[in-house]
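Contents: one structure, followed by commentary.
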Amino acid sequence: MQVDKNLSDIWLHALVSSLPDATMITDQHRNILILNQLFCDLFGIKQAPEELAGYNSSDLLAEHGGILSDLANVASRLLNLYETRQQADGDILRLRDGRIIVRSHRPIHIKDHFIGHLWSYQDETEKIRITDQLKEQKAFYEDILNNIPADIAIFSPTHHYLYMNPIAISDADLRKWLIGKTDADYCIMRGKDMAIAEKRRAIFKKITADKCEHSWEERLINKKGEESYHLRRMSPVYDEAGALKLIIGYGMDITGRKKIEEQILLSERRYRDLFNYSQAMICTHDMEGRLLEVNPAFCETLELTETQLTGSLLQSLIPDSDKSMFEDIYLPSIINNKKAKGLFRMLTASGRRLYLLYQNYYVNHPDQPPYVVAFAQDVTDRIKAEKELKAAKKTTDENARAKEKFLANMSHEIRTPMSGILGITALLQKTLLNNEQQGYVNLLNDSAQNLLNIINDILDLGKITAGEIVLEKIEFDIITKISSTLKLFQVNAADKKLALYFDNQIGNRYTVTGDPTRFTQILNNLLSNAIKFTHSGSIELYAGIEEETDDEAVLHFYVKDSGIGIDENKLIQIFQPFTQAYAETTRKYGGTGLGLAITQNLIELQQGQIWVESKPRKGSTFHFTITYAKPGNTMAQSLNTSVSRPSRVSNQLGQLKVLLAEDNDINQLLAKSILQYWGFETKVATNGNEAVQLVRKEQFDIILMDIQMPEKSGIEAAMEIRAMADKQKQQIPIIALTANALKGEEMKYFAAGMNDYLTKPFNEHELYTVITRVYQSKRNPL
């Protein structure tokens, strides 16, 4: 029996020693019974295997456990297996030198009697490393596939799913379920339209038949009814033998791009509609002028088709006389300024010449040649209308100049004899006359003054219409001005046995800043009309304050009469020029019908208004308001134009030598009489040439120069005198005598070198004043 046991031990040792794995057998008390050399070699144990028999395995672990990278866990696991006596496979032990050991444990039983443990160890370092690398590589590629922002699916040659990334199917359980399934299975399970699966199956068959990649767009609708668009692509993969291994499918959600494309298409369609339906002519051309695109308006205007125009040169549509403009002006402007605008003339197919107003822009996109976008509008009718308008304006200007010339001539022709009449009348008044003769002279003077007033009305209306009235801004007392004006009409009112009242609601004095002359003119016109059209009764002038602030005052006036009155339907007409209430008024009462028109304009120029209340045969009341500034609130002149003049002029200038250039005999007589009365020495020239010759021969202190004279005008004579070599003669003061009272004429006199001017007819006070002003300024220059 002993022999048999020894034989058994020998066989057991031989068996353990010949095993290909490191092996150790321990008893139920953890003592080593047998281990082989591979075990010792694996763990670096120097003792021979037989020397370790009976050695406690826990002590062996304590002595040699330093080679383990995680001794505590290994010891804990070992203890657990000893205690539980459970079978174990695949325990991993990692050594500090980098080796990886796989351990297996088997509890040993003989006839259900536990007798010990069998431990088996294998060096699986290379195998595990390769496996780990494969896992890492797999995880790496799966990570890439899972995170690619596109649907990825791998199919078998039979069109069964092998793999899907989370972008394709977000539900992990669904992805797992779908492996090995088809699109038809998926549609059935999810309740999808089977048409999707059928279309994909047809494409799959086409790919396997053609052995090439295929792509398509797919429109899907989810349970909420929302649309989505996907770009799908499938590519076959073949092995070295040319057999189909698998098919890679991938796709992208292009819903956003699709919507953008739809918007772009919509925008393009809208812009194309704008291009096609625009009434403006639109085209594009290259830098040589070759037309690239033309819209219907362009074709219709030029009477050519799109086919005829596209590809043709823009220059071919331009008249020969204008072709150089394209190369010399248009293209350089486009290239240098990146835009151009102007006017082109073009020819239509029928030969009509058009004027096109264009505004074009240079466009240069990357990767394509530059071109020009051109917008044009047919302005032929407008150009024609402008030409007609210019012609009409020229005619109007010529008419205006003719009117101005006519008024100037009429002013001169009428004022010249009027000057003589008034001058001679003034001389007659200085002679001894009996009462009857004095009456005749007074009537002659009144008639002449009335005629002069008519001329002044016509000239005033012309100046108002032309906007040439300049209002003065000086301080004056409104009550004093009213009182002095009323005195002028007291005699006329008394002659007609009319009572003339002044209802003063302002006070004894009221100073304002404005134009006293124009205010007097307004009162004169209204009071004159009131007296003219009133045969019995009274005339009342009212003055009151309507509104007042620290800066200005609105004054209210009215002239009330008990005269013939005006029909209601005539009231709106009486402020129109050359208009009177009744046709017989001019014949019966005289006048031009300009007084009220001038009055209205003068009032409105002073921020006022005028209106009338009237009834036939009961009289009229003319109201007006004027806004005046208070003194100190405007840059008013301190000079008061009301100058009291003595009845006779007393000469304070001494014996002056005067040259009188005047062609009218009566005016010569009048002026010579006045000048001789003052004691001045006077020489007379009847035309401009005589005046120049007299200046060359003699020395004068003053020259009175008529403007309109034969042979040489006063302006021409004055310019020739100013050009003389003799400095003393060159600087003789020259006063223009003119019958032209139009505004602006005086600038011509000053431009010719004249020092001042006097409008005919004039009286001796006015003449002496201007001579004094000019002569003293010569002696005392600034």
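Bear in mind that the values in this text are calculations on the coordinates, not laboratory data. Note that the structure is predicted; figures quoted are calculated from it, not measured. Neighbour counts run over all protein chains shown; Cβ positions are idealised from the backbone, glycine included.
Counting only alpha carbon atoms, the long axis of helix 478-495 and the longest principal axis of the chain meet at about 40°. Placing unit charges on each Cβ (+1 for Lys and Arg, -1 for Asp and Glu) gives the chain a dipole about its Cα centre, and among I732, S156, W11 the Cα reaching farthest toward its positive end belongs to I732.
Mean separation of Cα pairs under 8 Å and 6 or more residues apart, divided by the residue count, gives the chain a relative contact order of 6 percent. Segment 188-211 and segment 324-343 have Cα centres lying 61 Å from one another. Within straight-line reach of K111, meaning a Cα separation under 30 Å, sit the following lysines at least 8 residues removed in sequence or on another chain: K5. Within the straight-line cut-off of under 18 Å between alpha carbons, the aspartates and glutamates reachable from K127 are D21, D89, D91, D97, E136, sequence neighbours fewer than 8 places apart in one chain being disregarded.
Which values of log₁₀ I(q)/I(0), to two decimal places, follow from the Debye formula for segment 278-378 at q = 0.19, 0.21 Å⁻¹ with a uniform point scatterer at every Cα? The calculated log intensity ratios at q = 0.19, 0.21 Å⁻¹ are -0.91, -1.13. The Cβ shell under 11 Å around T511 holds other residues with a net charge of +1, Lys and Arg each +1, Asp and Glu each -1.
Would you mind telling me the antiparallel percentage of the DSSP bridges in the chain, rounded to 5? Around 80 percent antiparallel, to the nearest 5. Using the structure shown, select from K181/K205; K487/K570; K712/K748; K496/K618 the pairs with a Cα to Cα distance greater than 22 angstrom. In this structure, K487/K570 exceed 22 Å between Cα atoms. When the chain is described by a simple charge dipole with +1 on each Lys and Arg Cβ and -1 on each Asp and Glu Cβ, the residue from A530, Q137, L244 located farthest towards its positive end is A530.
Summing Cβ point charges (Lys, Arg +1; Asp, Glu -1) relative to the Cα centre of segment 657-779 gives a dipole of roughly 440 debye.
Per residue of the chain, the DSSP helices (runs of n ≥ 4 H) give a summed -39500 (n - 2.57) that works out to -13500 deg cm²/dmol at 222 nm.
Relative to the longest principal axis of the Cα atoms of the chain, the long axis of helix 71-84 makes an angle of roughly 50 degrees.
Ordering L670, L71, T599 by Cα displacement along the dipole of the chain toward the positive end leaves L670 in first place; charges were set at the Cβ atoms of Lys, Arg (+1) and Asp, Glu (-1). With coordinates expressed along the principal axes, the C-alpha atoms belonging to the chain extend over 204, 72, 70 Å, beginning with the largest.
Legend: distances between Cα atoms for K135/K176; K206/K245; K259/K338; K532/K630; pairs beyond 23 Å are K259/K338; K532/K630. At a temperature of 4 °C and a viscosity of 1.567 mPa s, determine how fast segment 148-258 diffuses translationally according to Stokes-Einstein, using the Kirkwood radius over alpha-carbon pairs as Rh; express D in µm²/s, rounded to the nearest whole number. This corresponds to a translational diffusion coefficient of 89 µm²/s. Look at the alpha carbon pairs under 8 Å that are at least 6 residues apart: their mean separation over the length of segment 148-258 gives a relative contact order of 27 percent. Straight-line cross-link reach from K481 at under 14 Å between alpha-carbon atoms covers these aspartates and glutamates, not counting any fewer than eight positions away in the same chain: D515. Dipole check for segment 16-156: with +1 at the C-beta of Lys and Arg, -1 at the C-beta of Asp and Glu, and the Cα centre as origin, the magnitude is about 200 Debye.
Does anyone have the angle between helix 380-429 and the longest principal axis of the chain? Alpha-carbon axes, 0 to 90°, nearest 10? Relative to the chain, helix 380-429 is tipped by roughly 30 degrees.
Given +1 on the Cβ of Lys and Arg, -1 on the Cβ of Asp and Glu, and no further charges, what dipole in debye does segment 93-216 carry about its Cα centre, rounded to the nearest 20?
So the magnitude is around 280 debye.
Measuring nothing but how far apart in sequence close Cα pairs (under 8 Å, 6+ apart) lie, relative to its length, segment 2-126 scores a relative contact order of 23 percent.
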